[in-house]
Ligand code: BGC
Ligand code: BGC
């Protein structure tokens, strides 16, 4: 049964309470709103307190209308043939999804663009969906439109593509992350979209995992601090209508047992509490309006059905008040994949009762509606719980201003999105570069280098430089030209007059040309992909690329290797060139950014946000590995490049450190001849501890600008929670607490002890 018959119920008196734009075409260009009516229902009054508006609207809603609010459908279900063909919006499918079973939300999943992929067409499409929903739902409730803007508004052709999160992690700079998230939110908002499924607060610990690059790195504090900055940047972007950020994928998504995406994770409660959950907590507590649930299972329970995660931890312990949304089709998965529900209504009940507010149920609006209705009829789900979930969703919609400003001016979208914030994207990408080897000062490129050979198939490849989640879900689809600057192009533009830049066409050509070059820059990497397709059981540089670098090394001329990849690839034979620059997935401005660093316009300041394994088989690898009794080299933490590694064109010293129970004071100097930005990490270690402690654990960090010759003393406070551990034996599961005893705080080569009582 449809929720109601919206068309017949749209009476004249109700119509008077809102503005319904005359035609679908009109809304494309118009900036319209549902103005407050002094005599209209309370929920339509813009000035009324949100809680009262929510209550007022809720009491007017039928059960079926409430059920619809809890559903999110993919736009591909209302376009073209409504079966994933894409194309123009299809009126008859819109009727099913937005009127008969009026859903609360619509999502453009990876690659789901309007028929013509321009910012203006996006805004026109979103306006039209919104208009249909408002006009054809009985109470004229706007939908909230969601998208994965995970590195810029990345589905939109013409939008500036920022570095993927792993690169931003390498900046160790919350300011840059904040500003990048704000830029993304502005672009998202300009196309009429209100809800962004970013940031990712998962940790990168298993190099095999396909979503490694979507994280800020392996460390809880680094990832949590940057995710919190991203939430803040997205939700308070200047010059944009409001956008809700989403902390995903809560929680414990990132260590599937065998490295393959969405394979269940088995982790101890100690590891979960002390290591995996804190980054989500930091991001949630910075004010995120929504949280997306981990699609995987943890310790034998799918996260989507976990009351422990969704209610006990998230709501009761952390005080989260926003909306939880499932990941892709995950409520249904409780029945079809996980088989912990006998049918769909049971699956829905498990998720909703665990604390899920909205289901990303991309395919089936009617089935969702009937499924939850059946669950209510069978008394599996209470109306109270539905009211709670719907109240949260409506609250978010009111807070986003959707009732007052449901549309954007589509005519302004192109100007707002195309090429926006390229300066920021370039700075962010440059700041994300990690210089790992610089033998004999091969970098920055010497002005006396007259002939530079650029080799490797990733040198002139904008698509792989942008990575997955760019225009298409798996990366830029064939036939689409992504505007941007490749590394080759960046090098050509940056090279001084009189320096010849030669692109080697093949591996043989590269080897031949390198012999007569002053410098060879070889750009290697991995193919763009996303989620499971990006899993790599052997995360190493492909054999042909290793062979190329090996023969270039044999040329006897200096070689700089640039790696374009979402993870540290085992280098094998490619190891040991004079220069090594990790560029991550630097986006559309990446070519300029890489060249800025190669030619010394930017002094590199990026630091490894993850560990670089020496050998295949060392995964998962991370610096917080706990001590063991086998002293063999592969048994303890023995990376090729450690977490935090990174060189600069200047030199620094750590001159003094004092510590107390709240934080440390560190004096640092720039002892070289160039200005630079220095990451100052503070690690804690335990000479003796009750439960195993890693050799060091990041407890605070900052980034300081130091002019050549400058000294500076910085104070870094640490949150006590960064020191907390779950006490007890193997079955320890209590609340994490800070053990008494000695803590050694280290920054650079300086350290001090503090006794906590
Ligand atoms: C991913 C999410 C994403 C969602 C919508 C899922 O497959 O896991 O990160 O937000 O799709 O595209
Ligand atoms: C969508 C993605 C989504 C994925 C999940 C794709 O069709 O475009 O957004 O994450 O399916 O499997």
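No lab work stands behind these numbers, since they all come straight from the coordinates. Keep in mind that this is a model prediction, so the values were computed, not measured. A quick note on method: Cβ atoms are made from the backbone with ideal geometry, for glycine too, and the neighbour counts reach across all protein chains shown.
If R₀ is 45 angstrom, what is the calculated FRET efficiency for the pair residue 379 and residue 266, using the beta carbon separation as r and rounding to 0.05?
Computed FRET efficiency for residue 379 and residue 266: 0.85.
In segment 451-472, whose amide N lies under 16 Å from the spot 7 Å out along Cα-to-Cβ of residue 509? List them in ranges.
Inside the label zone: 452-461.
If you take the Cα atoms of segment 62-154, find Rg, then find the Kirkwood Rh from the mean of 1/r over all pairs, what is Rg/Rh?
Ratio of gyration radius to Kirkwood radius: 0.96.
Per DSSP H run of at least 4 residues, take -39500 (n - 2.57); add these up for the chain, divide by its residues and hand me the 222 nm value, nearest 500 deg cm²/dmol.
One gets -8000 deg cm²/dmol as the mean residue ellipticity at 222 nm.
Considering only DSSP beta bridges whose two residues both sit in the chain, what percent are antiparallel, to the nearest 5?
Restricted to the chain, the bridges split so that about 55 percent are antiparallel.
For the chain, take the convex hull of the Cα atoms, compute a quarter of its surface area, and give me that in nm², please.
Directional mean of the projected Cα hull area for the chain stands at 32.4 nm².
Estimate the FRET efficiency between residue 674 and residue 642 by the formula 1/(1 + (r/R0)^6), using the beta-carbon distance for r and 30 Å for R0, to the nearest 0.05.
0.80
Given the Cα-Cα distance of residue 695 and residue 388 and 0.36 nm per residue of separation, how much length would full extension add, in nm?
106.0 nm
Express in whole angstrom the spacing between the alpha-carbon centres of segment 215-271 and segment 660-703.
First find each Cα centre; the distance between them is then 23 Å.
Place a point 7 Å from Cα of residue 733 in the direction of its Cβ. Which residues in segment 300-344 have their backbone N less than 19 Å from it?
It comes to 300-318, nothing else.
For labels at residue 554 and residue 446 in the simple 7 Å Cα→Cβ model, what's the distance in nm?
2.6
Multiplying the sequence separation of residue 667 and residue 518 by 0.36 nm and subtracting their Cα-Cα distance, what value in nm do you get?
49.7 nm
With equal scatterers on the alpha carbons only and no solvent term, can you work out the Debye log10 of I(q)/I(0) for segment 652-756 at 0.14, 0.21 1/Å?
Relative scattering, expressed as log10 I(q)/I(0), comes to -0.57, -1.02.
Spin-label point model (7 Å from Cα, Cβ direction): what's the residue 60 to residue 626 distance in nm?
5.6
If every alpha-carbon in segment 244-296 counts as one equal scatterer, what log10 I(q)/I(0) does Debye give at q = 0.14, 0.16, 0.17 1/Å?
Here the Debye-derived log intensity ratios amount to -0.37, -0.47, -0.53.
What is the Cα centroid distance between segment 40-72 and segment 467-488, reported in whole angstrom?
41
Using 7 Å Cα-to-Cβ label points, what is the residue 81/residue 258 separation (nm, one decimal)?
3.5
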